[in-house]
1. What are the residues in region 155-182 that are hydrophobic (A, V, I, L, M, F, W, C) and surrounded by fewer than 18 Cβ atoms within 10 Å (Cβ to Cβ), if any?
2. Considering (1) of a type outside the set (Ser, Thr, Tyr); (2) in contact (Cβ under 8 Å) with a residue 60 or more places away in the chain; (3) surrounded by 14 or more Cβ atoms within 10 Å (Cβ to Cβ); (4) within 22 Å of residue 127 (Cα to Cα), say which one residue 218 fails and leave the rest.
3. Pairs, please: C-beta under 6 Å, at least 6 apart or cross-chain, first residue on the phi > 0 side of the Ramachandran plot and in region 238-256, second part of a helix (DSSP H, G or I)?
4. Among residues belonging to region 183-196 that are of a type in the set (Lys, Arg) and surrounded by 15 or more Cβ atoms within 10 Å (Cβ to Cβ), point out the one that is farthest from residue 141 (Cα to Cα).
5. Taking region 58-82, which residues are under 10 Å from the mean Cα position of the chain (by Cα), closer than 18 Å to residue 252 by Cβ and either of a type in the set (S, T, N, Q) or assigned to a loop (DSSP other than H, G, I, E, B) (or both)?
6. Do we find a residue being farther than 23 Å from residue 187 by Cβ and free of Cβ contacts under 8 Å to residues at least 60 places away in the same chain anywhere in region 118-132?
Amino acid sequence: MRVYAIGDLQGCDEAFVALLDKINFCANDRLWLLGDLINRGPDSLAVLRRVKGMARQCRIVLGNHDLHFLAAYYGGRKPFPGDTFTDILNAPDVAVLADWLRRQPLLHVDADLGYAMTHAGIPHFWGLQQAQSYAEEVARVLSGRDPQVSYLTFFQQMYGNEPNHWDPSLQGMARLRVITNYLTRLRMVDSAGRMDFDYKGPLAQAPDNLHAWFQLWPQITHMPRLLFGHWASLNGVTGRDDILALDTGYVWGRELTALELISGERTCVAAHEIKSSC
């Protein structure tokens, strides 16, 4: 059995299929998908149906674009002009797809395999057990298991940049929002862990007062290595071997990357190899 982790698909189904073919993905293999399954690319509906059909072989975490679609469907949020998931919203099976998608977690950990994944990252002042606990708080709401906050309320009130830093005394939607933002939107933080949502570029051009979230993490020992996507400008490079970036910007004309978790081998398909590239 091989286990592959793949970065942000973003509705690029043809590239997804090409990458699965290139790694000769088979029935005994397993797949980790790092969120942002949909949006920006041309075939969000095809990707979502394909991944749902592979659910027995897949581990999935939600990304900010996946949550944005769910907010449009459940929370009445209007899609942005550049969104490309209207094919899902208009599909006859949209209710089934949305119900399945909202039940996916924000964080997945496999201690035996030695890896954990989330879409954007984990702030340096949370340990992995804390992150798991906080991610589960959101998962309970999304799956309809929380008696205090419904998933409809969550999607109606999910948007916002405040609070921009963690306080364990936070409650209700403020608490759920900041947990969600850390796990699905995190890139740059200041030394106190306050999130900056504006800068999305390469590290070499980042403002002096900000740090990439992973730069503040101590070297990881005796715990799983961290996998994340979300930040295409990194082009898969963090400068660390314990925190690995897998969004290599296929939807921006670069590559879609699969990492085999046991061997560490990376396999890519480039946008120029695909006839209808994103």
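Every read-out reported here was derived from the displayed coordinates using simple, explicitly stated rules and does not represent laboratory data. What you see is a predicted model; the values in this text were computed from it and never measured. Because the Cβ atoms are built from the backbone with ideal geometry, glycine has one as well, and the counts that use them run over all protein chains shown.
1. 170, 173, 174
2. Every condition holds for residue 218 apart from (3).
3. From residues that are on the phi > 0 side of the Ramachandran plot, the pairs are 249/232; 253/271.
4. In the first step, residues of region 183-196 are kept if they are of a type in the set (Lys, Arg); the result is 185, 187, 194.
Now restrict to residues that are surrounded by 15 or more Cβ atoms within 10 Å (Cβ to Cβ): 185, 187.
Details: 185: 19, 187: 24 Å.
Once the filter is applied, the top-ranked residue is 187.
5. Hits for region 58-82 are 63, 64.
6. At the first step, the residues of region 118-132 found to be farther than 23 Å from residue 187 by Cβ are 129.
Applying the additional criterion that residues be free of Cβ contacts under 8 Å to residues at least 60 places away in the same chain yields 129.
The answer is yes, given that some residue of region 118-132 is farther than 23 Å from residue 187 by Cβ and free of Cβ contacts under 8 Å to residues at least 60 places away in the same chain.
Quick grid of which residues meet (1) over 21 Å from residue 2 (Cβ atoms); (2) surrounded by fewer than 18 Cβ atoms within 10 Å (Cβ to Cβ); (3) touching a Lys or Arg at 6+ places or on another chain (Cβ under 9 Å):
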site: 227; (1), (2), (3): no, no, no
site: 230; (1), (2), (3): yes, no, yes
site: 243; (1), (2), (3): yes, no, yes
site: 249; (1), (2), (3): yes, no, no
site: 253; (1), (2), (3): yes, yes, no
site: 260; (1), (2), (3): no, yes, yes
site: 263; (1), (2), (3): no, yes, yes
site: 269; (1), (2), (3): no, no, yes
site: 272; (1), (2), (3): yes, yes, no
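Residue-by-condition table, conditions (1) β-branched (Val, Ile, Thr); (2) surrounded by fewer than 20 Cβ atoms within 10 Å (Cβ to Cβ); (3) touching a His at 6+ places or on another chain (Cβ under 8 Å); (4) part of a strand (DSSP E or B):
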position: 8; (1), (2), (3), (4): no, no, yes, no
position: 18; (1), (2), (3), (4): no, yes, no, no
position: 36; (1), (2), (3), (4): no, no, yes, no
position: 48; (1), (2), (3), (4): no, no, no, no
position: 95; (1), (2), (3), (4): no, yes, no, no
position: 100; (1), (2), (3), (4): no, yes, no, no
position: 112; (1), (2), (3), (4): no, yes, no, no
position: 116; (1), (2), (3), (4): no, no, yes, yes
